[in-house]
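Chemist: Just dropping this structure here.
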Amino acid sequence: MIRNEDEIKKMAKAGKVVAEIHEKIRSAIKPGVTTLELDKVSRDVLEKRGATSNFLGYHGFPATICTSPNSMIVHGIPGSYVLKEGDLISVDCGAIVDGYHGDAAFSVGVGNVSKSVSRLIEVTEKSLFAGIDKLVAGNHLHEVGRAIQDVAEAAGYSVVKEYVGHAIGTRMHEEPQVPNYWPGHPGPRLKVGHVFAIEPMVNEKGAETVVLDDGWSVVTKDGSLSAHFEHTIAITDAGPTVLTTL
Ligand code: MG
Ligand code: MG
């Protein structure tokens, strides 16, 4: 769907709330903190900004953020898990302002981390920005996934295929989907006013995934580490504009 300038301004407001949640959660992350405490940080920002959560209640999801440590890829439920030195933690969250959605995720190391954790985080974030660079009017959508896959695979990693990015607007998940790999065809042509949430999930080893018994938490099948970065981006005349930033 094509969004006009006014709609994109509203989405930028939602994006700023998401970015503020990210900033506050990043400063709260340290050894000894539970993932439930991170959800409280998000709830406080949402309330202070008069925003609502697009995660809470989504197909029954019980929190305003997803927290996915180490080999967990996405959709982890905040709870009693205590962050420990050396963990990789992925946090995904969103906000609704005036009916428009923002959605973004990041991974970060807890305290001092191994070289393998920091490298996976760096490469996954780099793959996100390689994808974002392709969000230019006139390009084809699936050049995004190809760029992401190229960066991840050049580093010896694999991209998750079962979970993908998406268009976003008055709903969090709108069509079309945005795979983080080349799906074999170029996809639709990009236009000014398109808004997407691009979100590579990169595994240190194999791409295969398993959903745990809670029905939400997605983990790597081989137990290897996974990282996740996401931004909501509008295609404007000036090129890709990241909305989930302060
Ligand atoms: Mg997200
Ligand atoms: Mg998303």
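Chemist: Would you mind classifying the range 1-44 by shape? Square roots of the alpha carbon gyration tensor eigenvalues, ordered a ≥ b ≥ c; an a/c under 1.5 is rounded, otherwise it is prolate if a/b is larger than b/c and oblate if not.
Modeler: The shape class here is prolate.
Chemist: Another question about this same structure. Mind checking which of Gly111, Leu190, Leu246 is farthest towards the positive end of the chain's charge dipole, using Cβ charges of +1 (Lys, Arg) and -1 (Asp, Glu) about the Cα centre?
Modeler: The one lying farthest along the dipole's positive direction is Leu246.
Chemist: From the Cα gyration tensor of the range 22-125, with a ≥ b ≥ c the square roots of its eigenvalues, which class applies: rounded if a/c is under 1.5, or else prolate if a/b is larger than b/c, or else oblate?
Modeler: prolate
Chemist: Could you pull out every residue, at least 5 positions away or on a different chain, whose amide H is within less than 5 Å of the one on Ala137? Hs are placed 1.01 Å off N in the peptide plane, and Pro or chain starts have none.
Modeler: HN-HN under 5 Å from Ala137: empty list.
Chemist: Leu243's amide H: which non-local residues (gap 5+, or another chain) put their own amide H closer than 5 Å, with H modeled 1.01 Å from N in plane and none for Pro or chain starts?
Modeler: Long-range HN contacts for Leu243: Thr232, Ile233, Ala234.
Chemist: Simple spin-label model, 7 Å along Cα-to-Cβ: Lys161 to Leu36 in nm?
Modeler: Rounded to a tenth, the inter-label distance reads 3.9 nm.
Chemist: Here's something else I'd like to know. Just name one of Pro31, Ser90, Leu46: the one whose Cα is farthest towards the positive end of the charge dipole of the chain (beta-carbon charges, Lys/Arg +1, Asp/Glu -1).
Modeler: Most positive-ward Cα: Leu46.
Chemist: Taking a ≥ b ≥ c as the square roots of the Cα gyration tensor eigenvalues, with a/c under 1.5 meaning rounded and otherwise prolate when a/b beats b/c, else oblate, which class fits the range 162-246?
Modeler: Prolate shape, in that a/c is at least 1.5 and a/b is the bigger ratio.
Chemist: So which lysines can Lys205 reach, going by Cα to Cα under 17 Å and dropping same-chain residues fewer than 8 places off?
Modeler: Partners within reach: Lys115, Lys161, Lys221.
Chemist: OK, next. Might you report the magnitude of the Cβ-based charge dipole of the chain about its Cα centre, with Lys and Arg at +1 and Asp and Glu at -1, to the nearest 20 debye?
Modeler: 320
Chemist: Divide by every residue of the chain the summed helix terms, -39500 (n - 2.57) for each DSSP H run of at least 4, and state the resulting mean residue ellipticity at 222 nm, rounded to the nearest 500 deg cm²/dmol.
Modeler: Computed ellipticity for the chain at 222 nm equals -9500 deg cm²/dmol.
Chemist: Right, here's the next one. Do you know the relative contact order of the range 5-242, to the nearest whole percent, from alpha carbon pairs under 8 angstrom that are 6+ apart?
Modeler: 21
Chemist: Within the range 212-246, which residues have the backbone N less than 13 Å from the label spot 7 Å out from Ala137 along Cα→beta-carbon, could you tell me?
Modeler: 235-241
Chemist: How do Tyr181, Tyr157 rank by accessible surface area computed with a 1.4 Å probe, from largest to smallest?
Modeler: Tyr181, Tyr157
Chemist: If you find the alpha carbon centre of the range 28-87 and of the range 99-146, how far apart are they in angstrom?
Modeler: Here the answer is 19 Å between Cα centres.
The values are calculated or read from the model by the stated rules, or taken from the named source; none is laboratory data. Here the structure is a predicted model, which means the values were calculated and not measured. Cβ sites come from the backbone with ideal geometry, for glycine too, and all protein chains shown count toward neighbours. In case anyone asks, the SASA skips ligands and DNA or RNA and just uses the protein heavy atoms, side chains included. Shrake-Rupley method; radii C 1.70, N 1.55, O 1.52, S 1.80 Å.
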